[in-house]
Amino acid sequence: MQGRKIIWWLGFGVVAILMAALALAVAGCKATVVTPEPETPTPPAEAVVLDVGTAQTAQPGGTVTIKVTPTINDGSTVQSIKWTQTVGVQATLSGDATDTLQVTMPGAAAYRDALLGGLRFADRVAVQPINPHALTGAEVATFQAVVTTSSGTYRKTVNVTADIPYAVATGLANVPRGVPVLLNGEEQASYDWIIANPAGSQATLSYATTRNPSFTPDVAGKYTLTESVSGATIDVYAGTWVGAISGIDANGRPLATGCTGCHNGTVAPDMFTAWKESGHAEIFTQNIENPQGHWSLSCAGCHTVGYDPKVVNGGFDEAVAASGWQVPPHGDEGLWATIVKDYPAVAKLANIQCENCHGPNDGNSLHLNGTIDAQRVSLSADLCGSCHGEPLRHGRFQQWEESKHAGTSTTPARGLSSASCTRCHSGQGFLIWLEQGDLTKSIQGANGNATVDELRALGITPDTIEPITCAVCHDPHDVGTVSGVPTAATRPSSANVRVMDATAMLPSGWKAENVGKGALCMTCHNTRNAVHGDDIAITSYSAPHTAAQGDVLMGENAFFVEAGARSPHASLIDTCVTCHMEATPPPAEFSYQGAGTNHSFEASITVCAVCHSELFNGAAFQTGVAEKEHELGEAMGAYFLAKVPDEFTIKDYTPHVFNSTNVDALSDAIVIRKDNIESVFPTEPHGQQGFFIRFKTPVTFTYTPTGSATWAQHTVSLAEAEVRLGEVTTDGRTVVFGFTDPLVRAGWNFFLIEGDGSKGVHNPAFTMEVLNETIKALK
C-alpha cells in the first residue's frame, strides 16, 4: 500500500513536470518566473471606534444632544461611558454617564465674559478689535466621550459652537453694515452710553452701562456713541463692500481702474503700485491656481473682501451666490484668469484689498472726502490680527503679543514722554523719525527736539499711541510674496521691512551695511548715546541705552578695545532675523508644527547647532560670559570701595511706595561711612551709571518733594541704596569719580555688555575682549 502511494506521487510529479515543460514550449521557451505583487495588507480594524456625530451649533442658553455610538471590533463589551467638557465656557451636562449627553449651553452673559477675557484693551474710547483666536476661544466648547470596554479605554471629542452676537473686527471705526460692533471705554467707575443713529436706523445699544457696550449698524451712515459720565464720544461709520479688481495685466497681477484714476500719486497717494506686487494682492489667486491646494470658502473670510454669509452688505459671498461660481475641488493653473473673464463680480472682491484693512468704501462719507480719516487708518497690530490672529497656521499676532514689542517694555507712557523716547517706543514716533531722515537726532520740532505739545500735534497722544506693531516694521502695501522660513529655493524671502540692507547714521554714531533685514532691528537696537571710545572725551555719566545689541554685534562703542570688531554673526543673511525669527521656531501653541517665522523674536540658544557642531553647548558659553561679567561687576565694586573716603555723601534713587503713592525721586543727601558698607555692585538708575550699595546696618533716607502734590516728605530705612555715580561726592558737591576716571569707562563697558543681553552670543570675541580688558584697566 505504501509503495502504491509513492508510485502515485511520483507519477503526479512527472505529469506536473511535463505540463510545465509544455507551457514553456508554447511560450517559446522565453518565459520568466513572475513573482506576484504582494497585496497591500488591509490595516486591522481599530478595536473600538467611537462616533460622536458632527460638530454642532447652539444658541446661548439652548440645549443640544450628543450621542456616542461605539463600534466594537474586538468582541469586547462596554463597561462604562463618561462625558466631560474639556474646552470652553462651562455648560451644564445631563446624562454624562450614558451614551446620550444633554448639554445646556451657558447664557449670553457668560459667553460675553469669556470673549472679553480673551481680548486686549487700551485705556481709550474705541471700537474694540476682536481676533479670530479670541472669538473661537469664547464660542467653541468641546465635549469628550470616554468609553471603557473590557479591552481598554477609548476617547472621542466633538465641538459645539455658540452663535454669539460678536464677530471678528479690525478695530477700525469704519465698519460693515449688519455686523456687530463692540466698543471700549476708558477705565472709570461707571458708564452710561447713548447712541445717535443715522436716518432710518433702529440700532440699539446692549450693555450700555458697562465699559464694553455693543450695537449692530443696520443702515449705512454715521453712528455717534457718547459715554455720558465722562463725556467721551466716538463716531462709527457703517458702509457696504465694493471691491476694486477690474482685471489683470500681462503678468497676471491685478488692475483696479476704478481706484487708480485717483490713487495715482497726484490726486491721492499711490498705494496701488506696491500693493499689486504684494502677497496680499495674490493670496486668493495663488491658492486657487495651485493644483495641490486646499482652498475653500472657509478661507474666504480673510482671503476676500467682506465674506460673511450671515449678512447682506455686498461681500464676496453675495457675488459668489449671484454669479453661480462654484469653488473647484482643487486649484488649476489659469483658473484666476478664467474667473476674471467669466465671473468678474467674484474677481472684483477676491484677494486682500484696500477695504480689508481700511473698511468698506460704499455707503458712508469717508472714502471720497479728500482726507486720510482716523476711522479708516490704524497702526494697531489688532487690525492685522483680525486675519493673522488665528492659530495655528495664522498665529503671528499672538506670537507678537508675547514679545516685548507688544508693550512689555514699549509702554505708551515712555512713548509720550519725550522726542528721544518716542522715536523707538511708539509706532507713530518711529515712522515720523524715519521720515525725518536724520536719525542721529531725536524727533525734531520747531526749535530742536520736539516738545510734548509738538508730539501731540504730530498725532502722538494717549488716545492714539501704539507700540511697535506689524505696520511699524512692515509697510502693509509692500509686504512681499514669500513669507515663512526661507529655503534654498525661496531665499531671500520677499517679505520686506521698512529699513533694508543698510542703516543711516544712527544715534550711537555708527551705521551698519550689508545686514539685510537686520538693518531695521539695529535702527532702534543701539546705544543711542553718541559715539564712545578711548579718543573721545566723556561728558556725562550716562550708561549706554539698554538695547545695545547692534553695537555689540558690530563691535562698536566700547572702551579699552579697538572699534569695529564686527561679529561673524553680522555676516549672516539678514543678521538678527536669521536666529531670532527663522532658525528659532515660533511658540508651539501659536504655530503649525513650528512652521513660519518667529514673531515673538525670542531666540533659542539651541539654534547655535544649526551652524556650529551639534556638540556646541551655547548655554555653557553663556554661563562663562555671565561669570566674567559678574567678575567685572565685582572689580568695579572693589575699585569703588578703594577710592571713596571713609565718609562720603550719596543720594538714593530707589523707587518705593509712600501712602499708596509710587515715589521715584532722589533722596536728600546723606553721609555714609565706608565701614558700614557690605558690598557694592553696578546698576543703572534712570539711564545713569550707578551702584547698589548694601549696608551692614540699614540707613534712613529722607525724601523731600519738589513740586509734587501727591506725596509729602518722608523717610525710608534701606538695607540697600540705589546710587547714581555722579551723586557720590566728598561733600555734596565734589564728585569722587570724575569723567576721566577709569571707573566711568568701565561702567559704560559693563552696561554695554549687560544691555546686549545675549551673554556674548552676538559677538563672542568682542564681548570677552571688552570684559577682560576692562577688568585689567581697573587694576
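The values are calculated or read from the model by the stated rules, or taken from the named source; none is laboratory data. In this text the structure is predicted, and so the values were computed from the model without any measurement. Virtual Cβ from ideal backbone geometry, glycine too; neighbours counted across all protein chains shown. Each accessible area value is taken on the protein alone, full model and side chains, heavy atoms only, with ligands, DNA and RNA left out. Shrake-Rupley method; radii C 1.70, N 1.55, O 1.52, S 1.80 Å.
Let me check the size of region 718-778 from its C-alpha atoms; what are the radius of gyration and Dmax in Å?
Radius of gyration, then largest Cα-Cα span, for region 718-778: 14.5, 43 Å.
Given the convex hull of the Cα atoms of region 531-657, what is a quarter of its surface area in nm²?
Averaged projected area of region 531-657's Cα convex hull equals 13.2 nm².
What ranking do 313-321, 551-559 get when scored by the average of other Cβ atoms within 10 Å per residue, highest first?
551-559, 313-321
Could you run the Karplus curve 6.51 cos²θ - 1.76 cosθ + 1.60 with θ = phi - 60° over region 330-336 and give me ³J(HN,Hα) per residue in whole Hz, x for Gly and Pro?
Taking θ as phi minus 60°, the curve returns 8, x, 8, 4, x, 5, 4 Hz for region 330-336.
By accessible area of protein heavy atoms, probe 1.4 Å, what ranking do Glu402, Glu186, Glu727, Glu355 get, highest first?
If we order Glu402, Glu186, Glu727, Glu355 from most to least accessible, we get Glu402, Glu186, Glu727, Glu355.
What Kirkwood Rh does region 604-658 have if only Cα atoms enter the pairwise 1/r average? Answer in Å.
Hydrodynamic radius (Kirkwood, Cα only) of region 604-658 equals 15.2 Å.
Which value results for Rg/Rh of region 189-348 when Rg is the Cα radius of gyration and Rh the Kirkwood radius based on the inverse mean 1/r?
1.09
Where does region 357-433 land on Rg(C-alpha)/(2.2 N^0.38 Å)?
1.36
Please compute the Cα-Cα pair-distance distribution of region 40-105 with 5 Å bins starting at 0, giving whole percents from short to long.
Pairs per bin, as whole percents: 4, 14, 22, 21, 14, 10, 8, 5, 2, 1, 0.
Regarding region 667-748, what whole-number volume in Å³ per residue does the convex hull of its Cα atoms give?
111
When only DSSP loop residues count, what trypsin sites (Lys or Arg not before Pro) in region 105-173 have their Cβ near at most 16 other Cβ atoms within 10 Å?
Arg120
Which length gain, in nm to one decimal place, applies between Lys696 and Thr92 when the Cα-Cα distance is subtracted from 0.36 nm times their residue separation?
211.3 nm
So what is the relative contact order for region 581-722, in percent, with contacts set as C-alpha pairs under 8 Å and at least six apart?
In percent, rounded to a whole number, it is 16.
How high is the relative contact order of the chain, in percent, with contacts defined as C-alpha pairs under 8 Å that are six or more residues apart?
Normalised by residue count, the contact order of the chain is 8 percent.
Quick check of the Kirkwood formula: for region 466-592, what is the inverse mean of 1/r over all pairs of different Cα atoms, in Å?
16.0
Using the Cα centre of the chain as the reference point, and only Cβ charges (+1 on K/R, -1 on D/E), how large is the resulting charge dipole? Debye, rounded to the nearest 20.
1300
Aspartates and glutamates near Lys82 by alpha-carbon distance under 16 Å, same-chain residues fewer than 8 away left out - which ones?
Answer for Lys82, where 16 Å is the Cα cut-off: Asp51, Asp96, Asp99, listed by chain and number.
So what's the Cα pair-distance distribution over region 514-560, bin width 5 Å, in %?
For region 514-560, the binned pair fractions read 5, 20, 31, 21, 14, 6, 3 percent.
Using a Förster distance of 25 Å, how high is the FRET efficiency between Thr148 and Ala45, based on the Cβ-Cβ distance and rounded to 0.05?
0.85
What's the Kirkwood radius of region 310-401 in Å, using all Cα pairs?
Roughly 15.9 Å, rounded to one decimal.
Take every Cα pair under 8 Å in region 95-139 that's 6+ residues apart, average their separations, divide by the length, and report that relative contact order as a whole percent.
Across region 95-139, relative contact order equals 39 percent.
Step by step: find N for the chain, compute 2.2 N^0.38 Å, then divide the Cα radius of gyration by it. What's the final number?
Normalised by 2.2 N^0.38 Å, the Cα Rg of the chain equals 1.25.
Through the Karplus equation 6.51 cos²θ - 1.76 cosθ + 1.60, θ set to phi - 60°, convert the phi angles of region 680-691 into ³J(HN,Hα) values in whole Hz; use x for Gly and Pro.
Once θ is set to phi - 60°, the couplings for region 680-691 become 9, 8, x, 8, 10, x, 6, x, 10, 5, x, 9 Hz.
What is the spread of the Cα atoms of region 209-268 along each of their three principal axes, largest first, in whole Å?
The Cα atoms of region 209-268 stretch 58, 25, 19 Å along their principal axes.
How far apart, in nm, are the 7 Å Cα→Cβ label points at Thr740 and Phe616?
Rounded to a tenth, the inter-label distance reads 4.4 nm.
Students often get this wrong, so check it: of Lys310/Lys341; Lys643/Lys779; Lys156/Lys310, which have C-alpha atoms separated by over 22 Å?
Beyond 22 Å between Cα atoms: Lys310/Lys341; Lys156/Lys310.
Which distance in nm do the two modelled labels at Ser228 and Met500 give, with both placed 7 Å along the Cα-to-Cβ direction?
Between Ser228 and Met500, the simple spin-label model gives 5.5 nm.
Here are some pairs, Lys276/Lys511; Lys511/Lys776; Lys511/Lys759; Lys441/Lys628; which of them have Cα atoms lying more than 27 Å apart in this structure?
Lys276/Lys511; Lys511/Lys776; Lys441/Lys628
Where the centroid of each part is defined by its Cα atoms, how far is region 165-231 from region 611-666 in Å?
Computed from Cα coordinates, the inter-centre distance equals 51 Å.
Semi-axes of the equivalent ellipsoid of region 242-329: what are they in whole Å, largest first, if each equals the square root of 5 times a C-alpha gyration tensor eigenvalue?
Three semi-axes, in Å: 25, 17, 11.
How much length is gained on full extension from Leu434 to Thr210, taking 0.36 nm per residue of separation minus their Cα-Cα distance?
The span from Leu434 to Thr210 would gain 76.6 nm if fully extended.
Any idea what the alpha-carbon Rg over 2.2 N^0.38 Å comes to for region 137-256?
Here the Cα radius of gyration is 1.64 times the empirical estimate.
Under 20 Å from the Cα of Lys696, which aspartates and glutamates turn up, not counting those fewer than eight places away in the same chain?
Glu634, Asp646, Glu647, Asp652, Asp675, Glu678, Glu720, Glu722
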